[in-house]
2 protein chains.
Amino acid sequence: MKIGIIAPEEKVESWVSTFNEYDSNINVSIYPDIDYDDVECICLWKQPKNLLNKFKKLKLIHSMGAGVDHIINDSSYPKGIPICRISDEMLSFSMTNYIITAILFHHRRILKYQNDKVEKVWDQNTHPEILPINIGILGYGALGSDAADKLNYMGFNVVGYSLNKKENTNIKIYHGTELDIFLSKINILVCTVPYTNKTHHLLNDKLFKKVQKGTYLINVSRGKVQNESHIIEYIDNGTLSGAFLDVFEKEPLPKSSEIWNHKKIQITPHNASITNESAAVPQIIENYKRVISGKNLINQVDLNNEY
Amino acid sequence: MKIGIIAPEEKVESWVSTFNEYDSNINVSIYPDIDYDDVECICLWKQPKNLLNKFKKLKLIHSMGAGVDHIINDSSYPKGIPICRISDEMLSFSMTNYIITAILFHHRRILKYQNDKVEKVWDQNTHPEILPINIGILGYGALGSDAADKLNYMGFNVVGYSLNKKENTNIKIYHGTELDIFLSKINILVCTVPYTNKTHHLLNDKLFKKVQKGTYLINVSRGKVQNESHIIEYIDNGTLSGAFLDVFEKEPLPKSSEIWNHKKIQITPHNASITNESAAVPQIIENYKRVISGKNLINQVDLNNEY
């Protein structure tokens with residue numbers, strides 16, 4: 001079993017050791033010292049472009065995370081080779097906690113109380129919660145639906161939006177052409193969509209013109225889903241009350257970005273949820289075994305949907 | 001039906017209108033213009049002391065919130081008159097959200113990312129979550145158990161401690177003499193105990209000597225449950241990693257308090273959860289009807305336990 005890893009920005013030692021703990025016969029080579037002639041399964045994260053068609057025996061391409069846009073947008077992707085992604089409970093746990101953190105940071109007015117502390121202000125007249133709070137999950141996949149379920153359990157009003165029709169007995173999920181209705185129902189917008197042709201710059205002025213005044217924006221998907229100059233414009237004109245962003249059009253966020261100094265934008269360095277190799281490695285091994293024996297794969301990407 | 005309200009620090013107009021919406025025959029008088037000769041039920045919040053034994057027809061004393069220490073510690077309390085408190089789903093909703101906010105504020109390193117933003121630092125090397133995270137709920141009543149249940153649903157490890165034995169199939173609840181074991185299992189301590197003789201200054205150096213290094217303290221109960229100089233001492237000596245406090249030994253927190261300037265302490269002005277009169281008023285009316293007809297009361301205080 002020969003596996004190659006191409007993830008030059010990641011520390012991959014723990015991935016190698018995790019593969020070897022599962023099966024000491026697995027041979028793992030790492031880019032740039034990778035065996036293009038023999039590797040059958042490659043694991044990718046932010047790989048350099050134009051390498052994928054160099055592999056001679058390739059049977060499976062595995063993303064090392066939940067996103068696959070780095071693979072689909074690589075023009076060297078050899079058509080017909082299946083692409084899979086990681087679905088990880090720990091990934092959902094962390095992502096949902098991040099989303100709840102961002103929601104509660106807004107809802108419980110943390111910034112106000114931090115400022116009051118600096119000013120030694122004891123204010124019992126302002127309601128400590130920003131109400132009403134109607135949360136919209138834009139993108140209702142594994143991560144979005146986990147957050148929706150837990151927020152619903154906590155007692156919040158939650159609705160979802162998905163491109164394709166989905167059902168949930170507890171949560172109303174809008175779909176297709178119902179995006180405008182969805183946006184009119186909410187005042188916290190949580191974006192968990194995959195990055196595809198259809199979602200490029202989805203969070204832009206056209207969308208912000210349709211939200212309720214004071215809507216708070218949380219983006220944990222991909223930076224290129226957002227138009228940052230539009231976000232700043234719509235916070236400054238009062239349409240959006242603020243934003244909590246984990247992802248950016250360019251990462252690391254350039255020092256020149258206005259976002260660093262913007263008081264109504266909270267940021268984290270694209271680490272809302274980190275793939276946990278002890279969850280990922282067994283999924284990759286399982287899919288490798290399945291591809292060899294011609295079985296259906298787990299979490300295979302539908303290239304029509306791009307996720 | 002004659003009800004009196006003694007809550008000089010509160011705006012009680014909405015309580016009066018809520019009583020009248022339920023029953024226009026209810027006669028509500030408000031301290032200081034209160035009818036000591038005829039009132040049968042008094043509703044109290046931070047009442048001036050030494051008034052309670054002036055009522056001639058008193059049958060029921062109702063706290064306007066979840067706490068009753070302001071009544072039990074009033075030496076004019078006429079023995080034998082039942083005391084009830086409010087139990088309110090909205091109170092639990094808000095309190096649990098506050099507790100989750102405080103936990104996630106710590107767990108997701110919000111302070112670090114706020115500081116990084118000021119310094120324009122993009123740090124992907126620090127793990128974005130403080131692990132492990134084992135949450136202990138000290139005081140397992142209506143509020144503590146609601147928080148424990150929701151944190152458990154979110155996927156966190158939660159244990160509880162209660163003075164008296166309690167059972168929960170999902171959550172291990174220590175009790176009685178097991179406080180030290182409970183403290184050794186956790187690294188986030190959430191205090192939701194009532195204020196009683198037994199809990200006065202419970203959060204002091206004796207307790208902090210028994211916690212794991214790095215334990216984060218959250219207090220949403222009563223200020224006099226904590227010794228603030230000990231909290232500061234045990235944060236500064238590294239035992240506690242910080243604190244998120246809604247309550248203080250003296251409220252409003254005096255301008256002279258070191259807490260205002262302490263970087264590792266977050267504060268809010270005793271408003272984690274605000275009693276919602278639309279939930280409280282029907283409970284008070286129901287208990288008034290029950291006391292008149294000799295039925296068991298809802299949320300009656302056990303004077304032996306003081307809550």
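List every residue pair whose Cβ atoms lie under 7 Å apart, where the two residues are 6 or more positions apart in sequence or sit on different chains, the first residue falls within segment A:42-57 and is farther than 14 Å from A:ARG85 by Cβ, and the second residue, located anywhere, is aromatic (Phe, Trp, Tyr).
A:LEU52/A:TYR77; A:LYS54/A:TYR36; A:PHE55/A:TYR36; A:LYS56/A:TYR36
Among the residues of segment B:191-210, which ones are of a type in the set (A, V, I, L, M) and within 14 Å of B:ASN237 (Cα to Cα)?
Passing the criteria: none in range.
I need the full set of residues from segment A:105-135 which are farther than 24 Å from B:TYR113 by Cβ and outside any loop (DSSP other than H, G, I, E, B), in order please.
Hit for segment A:105-135 is A:ASN134, nothing else.
Per-residue answers, yes or no, for (1) more than 12 Å from chain B (Cβ to nearest Cβ); (2) free of Cβ contacts under 8 Å to residues at least 60 places away in the same chain:
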site	(1), (2)
A:ALA243	yes, yes
A:GLN266	no, no
A:HIS270	no, yes
A:PRO282	yes, no
A:GLY294	yes, yes
A:GLN300	yes, no
A:ASN305	yes, no
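Among the numbered criteria (1) buried (at least 16 other Cβ atoms within 10 Å of the Cβ); (2) at pLDDT below 95; (3) assigned to a loop (DSSP other than H, G, I, E, B), which one does A:LYS46 miss?
That leaves (1) as the condition not met.
Could you list, in sequence order, the residues of segment A:145-170 that are more than 14 Å from chain B (Cβ to nearest Cβ), buried (at least 19 other Cβ atoms within 10 Å of the Cβ) and over 24 Å from A:LEU207 (Cα atoms)?
none
For segment B:1-43, which residues satisfy the criterion of being out of contact with any Asp or Glu (no Cβ under 8 Å at 6 or more places or on another chain) and in a helix (DSSP H, G or I)?
If the condition is that a residue be out of contact with any Asp or Glu (no Cβ under 8 Å at 6 or more places or on another chain) and in a helix (DSSP H, G or I), then B:GLU13, B:VAL16, B:SER17, B:PHE19, B:ASN20, B:GLU21, B:TYR22 are the ones that fit.
Inside segment A:120-144, can you point out the residues that are surrounded by 22 or more Cβ atoms within 10 Å (Cβ to Cβ), away from chain B (no Cβ under 13 Å) and either over 15 Å from A:TYR216 (Cβ atoms) or at pLDDT below 95 (or both)?
The answer is A:GLY139, A:TYR140, A:LEU143, A:GLY144.
Say we look at segment A:247-261 and pick out the residues that are within 9 Å of chain B (Cβ to nearest Cβ) and not polar (S, T, N, Q); which of these is surrounded by the fewest Cβ atoms within 10 Å (Cβ to Cβ)?
Per the criteria, the residue is A:LYS255.
Give all pairs with beta carbons closer than 7 Å in which a residue from segment B:134-155 that is β-branched (Val, Ile, Thr) meets a residue that is part of a helix (DSSP H, G or I); count only pairs at least 6 apart in sequence or on separate chains.
Between residues of segment B:134-155 that are β-branched (Val, Ile, Thr) and residues that are part of a helix (DSSP H, G or I), the close pairs are B:ILE135/B:ILE103; B:ILE135/B:LEU151; B:ILE137/B:GLY144; B:ILE137/B:ALA147; B:ILE137/B:ALA148.
Out of (1) free of Cβ contacts under 8 Å to residues at least 60 places away in the same chain; (2) within 14 Å of another protein chain (Cβ to nearest Cβ); (3) under 25 Å from the mean Cα position of the chain (by Cα), what's the single condition that is false for B:LYS112?
It fails just one condition, (3).
The values are calculated or read from the model by the stated rules, or taken from the named source; none is laboratory data. Note that the coordinates shown come from a computational prediction; the quantities given were computed from them, not determined experimentally. All Cβ positions, glycine included, derive from the backbone under ideal geometry; neighbour counts span all protein chains shown.
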